[in-house]
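Beneath this line is the structure, given in structure tokens, with notes to follow.
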Amino acid sequence: MKRKLKQRCAVLVAVATMIASLQWGRVPVQAVTADGLTSQQYVEAMGEGWNLGNSFDGFDSDTSKPDQGETAWGNPKVTKELIHAVKQKGYSSIRIPMTLYRRYTESNGVCTIDSAWIARYKEVVDYAVAEGLYVMINIHHDSWIWLSSWDGNKSSVQYVRFTQMWDQLAKAFKDYPLQVCFETINEPNFQNSGNVTAQNKLDMLNQAAYNIIRASGGSNAKRMIVLPSLNTNHDNSVPLADFITKLNDSNIIATVHYYSEWVFSANLGKTSFDEDLWGNGDYTPRDAVNKAFDTISNAFTAKKIGVVIGEFGLLGYDSDFENNQPGEELKYYEYMNYVARQKKMCLMFWDNGSGINRNDSKYSWKKPIVGKMLEVSMTGRSSYATGLDTIYLNGSSFNDINIPLTLNGNTFVGVTGLTSGTDFTYNQSNATLTLKSSYVKKVYDAMGSNYGTVADLVLKFSSGADWHEYLVKYKAPVFQNANGTVSNGINIPVQFNGSKLRRSTAYIGSNRVGPNQSWWMYLEYGATFVANYTNNILTIKPDFFKDGSVYDGNISFEMEFYDGQKLKYNLNKSNGNITGTAAAVTPTPTPTATPTPTATPTPTVTPKPTITPTVTPTPTVTPKPTITPTVTPTPTPIPGTGPVTLKYEVTNTWDKHTQANITLTNTSNTALKNFVVSFTYKGYIDQMWSADLVSQNSGTITVKGPAWATNLDPGQSITFGFIASHDTPSVDPPSNVTLVSSN
């Protein structure tokens, strides 16, 4: 229910503000000179910035418990040493988000901010000013906690509260140096209440805050005021630019936030910074960055309005697991900083405690490689592999491996610990690093029977961050049976064997199921499923099973790995219970994509570097078998005993391995229900898909139909595939096909 305030108590407001101004402490000594700077000059002076997230913006939502203030969301009390560390890491500005919810009282229509709360907040602002940092003050989560329900009426409690808050904040900081700026509200959004549009509501709030700040005395008449677009979305830049233009005030800055396209940022199966997003082949996350900055620049910079990207990052960054592909995440940070410098905008990294370790006395980065990239990208460019930062190896013989590099204006120096000419060569003309086959074989063999990273190659360049390229020994993951529930999800034991999961899709029959299935092809990593490589567990989460599209029955959970393998795992949902069976389905691996060597950022969908063969024929080093035979295979008919025939088709061979398809056909006039078939085969089945491997003993292979195809009607066929290993270079086709049982 909305409350209407019939009148404001102006006298009480004035008294409360005066008392607060006396209680809220001294004004710090000015550390930098921001006087006389235009809006554009100001944001250029702000340089790159850092968000003190999840500290003063955190709050206890349980109102029955005391508010824990800046430690409410798990971060420790902010120290002077932390702010010093931020400065030492190269940042020139800091945004200090503040939530006032639970930090004010209201009586007789007057909102009064808690004096102790503001005094502590000012103390941290003082730390930043003394360090010479530009400081952005704002009102943060109040935007959605209570302000979003405002109906557009200026007499409503939300509007009155907002204006009274800014009246007190403006007077509290009016004598601070101009390196402190005011952001009116974080990420403004509004419910459909009242007859006023969301944009008009935002304009009214921005206008109110602007008027209050400018009239509050001290340095506020010329202080920089930072105004957000609706939802701080860059697509809403034009209405904000129009509003700012009408103010005719050169001390106004525009702000938006940028977290890339959701399907890349949160990992909905789009994992590469240069991967096509929508299936048109012409729009990647890198393109999205360019488009966003062009939109912002055209709306603001072209009109001499300075811009602060008040928050940027990736939505999967703060996960307690590896959400975004690490190398592709680095490329994103590197490029964002580069474009922001080119466009002369201030870029502020969102850190909620996942970036700088606030519990470490040295305030080091929790992810040192990410931290290094963020730091060096403030002033220059870094180089990296054009393709994936990981090369997957599976075999006993190896060729040289080519790694095209994107140099971004730098030069390649070498690889730490490796000898040029012996372990690698470098072609300067096409910026390609080549690992010698002898080196690859040496580190691969050193792993023995183990799987995982065999080498962490540190590539050095003339400038910027080092690049880590990993060589990984892998084989197909091995899944086990598991049980779970809809309410708790299911934990599936898996031997990952060096492989890493890239993306997943779930089906019931031919229909995609799970959250976002109506418009998107992949599930969200972390939200619906996550792999734990330390404990060898694949977790499919309750949010997947609770989705309305996931009804009782058989579910095919299809997975694609970074090495190119594609596996299936069979799930059954019934009356709140989940059963998982270990019949992994492994369709033919996909071929290697070839990256384009380039010295400038070039979009590429390459998941890994090209494997270049030597002059003489040698066994392939490709991390998976080639799927295109030079001659189209012809299925071999195999006579059967009883009402079943078998056709055998070899699709690939390599290094004493065969990949093949088998088609079983019911030649009788009777349906075969719950059929089980056996045949003789001299190879050992390593993997099988689209059928369940019952047993393999002394060359006799027994299989049954998969959960979704247990029956064969008269004349109906089913095709399944497998990968087998054998002691000889090749193996004979199956024989002695027998129908073991059928209901």
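Assorted remarks:
- Residues in the stretch 291-344 that are under 30 Å from LEU538 (Cβ atoms) and among the charged types (D, E, K, R) were compared, and the one that is surrounded by the most Cβ atoms within 10 Å (Cβ to Cβ) is GLU329.
- Pick from the stretch 663-699, criterion free of Cβ contacts under 8 Å to residues at least 24 places away in the same chain and outside any loop (DSSP other than H, G, I, E, B), ranking: surrounded by the fewest Cβ atoms within 10 Å (Cβ to Cβ): ASN697
- Criterion: modelled with pLDDT of 95 or more, of a type in the set (S, T, N, Q) and in contact with a Cys (Cβ under 7 Å, 6 or more places away or on another chain) - qualifying residue of GLN164, GLN168: GLN164
- Residue in the stretch 361-375 that is over 28 Å from the mean Cα position of the chain (by Cα) and not in a loop (DSSP other than H, G, I, E, B) present: no
- The residues of the stretch 495-526 that are part of a strand (DSSP E or B) and charged (D, E, K, R), listed by number, are ARG502, ARG503, ARG512.
- Unique residue being among the hydroxyl-bearing types (Ser, Thr, Tyr) and at positive phi when the list is THR232, THR184: THR232
- The set of residues in the stretch 217-231 that are part of a loop (DSSP other than H, G, I, E, B) and surrounded by fewer than 22 Cβ atoms within 10 Å (Cβ to Cβ) comprises GLY217, LYS222.
- When restricted to residues that are in contact with a helix residue (DSSP H, G or I) (Cβ under 9 Å, 6 or more places away or on another chain) and on the phi < 0 side of the Ramachandran plot, the stretch 68-80 contains 6.
- Taken over the stretch 527-565, the criterion of being without any contact (Cβ under 8 Å) to a residue 40 or more places away in the chain, in a loop (DSSP other than H, G, I, E, B) and either crowded, with 19+ Cβ neighbours inside 10 Å or of a type in the set (A, V, I, L, M, F, W, C) (or both) is satisfied by THR528 alone.
- Residue count for the stretch 137-162, restricted to those that are in a helix (DSSP H, G or I), under 34 Å from the mean Cα position of the chain (by Cα) and surrounded by fewer than 20 Cβ atoms within 10 Å (Cβ to Cβ): 4
- When residues of the stretch 41-52 are limited to those that are within 31 Å of the chain's Cα centre (by Cα) and assigned to a helix (DSSP H, G or I), the one nearest to TRP365 (Cα to Cα): MET46
- Note on the stretch 536-562: residues that are farther than 20 Å from THR485 by Cα and not aromatic (Phe, Trp, Tyr) total 2.
- GLY414 part of a loop (DSSP other than H, G, I, E, B) and within 31 Å of the chain's Cα centre (by Cα): no
- Scanning the stretch 293-352 for residues being touching a helix residue (DSSP H, G or I) at 6+ places or on another chain (Cβ under 7 Å) and part of a loop (DSSP other than H, G, I, E, B) gives a total of 8.
- Qualifying positions in the stretch 426-477 - more than 30 Å from MET688 (Cα to Cα) and assigned to a loop (DSSP other than H, G, I, E, B): GLN428, SER429, ASN430, ALA431, LYS436, SER462, SER463, GLY464, ALA465, ASP466
- Looking across the stretch 188-216 at every residue that is crowded, with 21+ Cβ neighbours inside 10 Å and not polar (S, T, N, Q), the one that is nearest to the chain's Cα centre (by Cα) is identified as PRO188.
- Sub-6 Å Cβ pairs linking a first residue in the stretch 716-729 that is in a loop (DSSP other than H, G, I, E, B) to a second residue that is surrounded by 13 or more Cβ atoms within 10 Å (Cβ to Cβ) and of a type in the set (S, T, N, Q), at least 6 apart or interchain, are GLN716/ASN666, ordered by first then second residue.
- Residue match in the stretch 376-385 (condition: among the β-branched types (Val, Ile, Thr), surrounded by 23 or more Cβ atoms within 10 Å (Cβ to Cβ), modelled with pLDDT of 95 or more and in contact with a Gly (Cβ under 8 Å, 6 or more places away or on another chain)): no
The values are calculated or read from the model by the stated rules, or taken from the named source; none is laboratory data. The structure presented is a predicted model; accordingly, all values stated were derived computationally and were not measured. For neighbour counting, all protein chains shown are included, and Cβ atoms are generated from backbone atoms with ideal geometry for every residue, glycine included.
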